[in-house]
Amino acid sequence: MNVVYLIRHSWTNENKIHLIQGRSDYKLCEDGITFAYEKAKEYKNKGLEFDYIYSSPLSRAKDTASIFKEVFNFDKDIIIDEGLIEREFGVAEKTIIDDHVYERIMNNEIEGMETNEELEERVYKTISNIVKKYDNKRILIVTHSHTIKGMLCALDPRIRMESYLRNVTISTLKYDNNKFEIIDYNKYADEGDKWKI
């Protein structure tokens, strides 16, 4: 059995103004760096352990992953996987999200955008390929909101892309007998410990 911990990156300045970042490369802001350190320390104090760290190639994910590596005194390199990159948002990228844009994203109406189905297929394939490399390991994956929700939606239709995913929360998956199971979703260290499996 493998365990996967999906973590959304910490804050950027663009998060604060509700800019659709997509595949544009933004770094963490100072508040985001501080927040990532705080949350990483909380998870460590609650007993989180992992054998590998994977990250999206974008700076906001890599920077968050690096903070976890430092806090946990983790001695292996962070593994970058292009398949963990954020969703392609097409012409909506770098625009401020509002109700109209949000509805069009949910309905796959944005020109050049990766559709919900394409997103789910890409992320499921990527994470499946990662877990199949290992046996009885715990894998921390630092990535993006829509990337994580794409995986969760692929596994459980009750989870919707509209669901809000907070920064630096853990969503926990179990992989056993070639099957994924969602153990917990969108939780901070002080909100339960179902991830201790």
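Please treat every number below as a calculation from the coordinates, not as lab data. Being a predicted model, the structure only gives us computed values, none of them experimental. We place every Cβ from the backbone using ideal geometry, glycine too, and count neighbours over all the protein chains shown.
Any idea what the dipole of the chain comes to, in debye rounded to 20, about its Cα centre with Lys/Arg Cβ at +1 and Asp/Glu Cβ at -1?
So the dipole magnitude of the chain works out to roughly 660 debye.
Could you tell me which of 197, 36, 90 has its Cα farthest along the dipole of the chain towards the positive end, charges placed at Cβ (Lys, Arg +1; Asp, Glu -1), taken about the Cα centre?
Looking along the dipole axis, the top candidate is 197.
Charges on Cβ only, +1 for Lys and Arg, -1 for Asp and Glu, centred on the Cα centroid of the chain; of 100, 155, 20, which one is farthest towards the dipole's positive end?
155
Most mobile of 15, 116, 177 per a Gaussian network model of the chain (Cα springs, under 10 Å)?
The residue with the greatest mean-square fluctuation here is 177.
In straight Cα distance, which lysines are under 16 Å from residue 179, not counting same-chain residues fewer than 8 positions off?
Result set, ordered by chain and number: 125, 132, 133, 137.
If the elastic network links every pair of Cα atoms under 10 Å, which of 144, 100, 18 fluctuates the most in the Gaussian network model of the chain?
Sorting by GNM fluctuation, first place goes to 100.
Tell me which of 66, 136, 55 sits at the most positive position along the dipole axis of segment 47-197, charges placed on C-beta atoms (Lys, Arg +1; Asp, Glu -1).
The Cα lying farthest towards the positive end belongs to 136.
Tell me which chymotrypsin sites (Phe, Trp or Tyr not before Pro) from segment 117-197 have a DSSP coil assignment and no more than 10 other beta carbons within 10 Å of their own.
Passing sites in segment 117-197 are 164.
Would the chain count as rounded, prolate or oblate if I go by the C-alpha gyration tensor, calling it rounded below 1.5 in a/c and otherwise prolate when a/b exceeds b/c, oblate otherwise?
It comes out oblate by the Cα gyration axes.
About the Cα centre, and with charges only on the beta carbon of Lys, Arg (+1) and Asp, Glu (-1), how big is the dipole of segment 70-163? Nearest 20 debye, please.
Roughly 540 debye, rounded to the nearest 20.
Within the chain, what's the longest run with no trypsin sites (Lys or Arg not before Pro) in a DSSP loop and at most 16 other beta-carbon atoms within 10 Å? Give the range, please.
It works out to 95-131.
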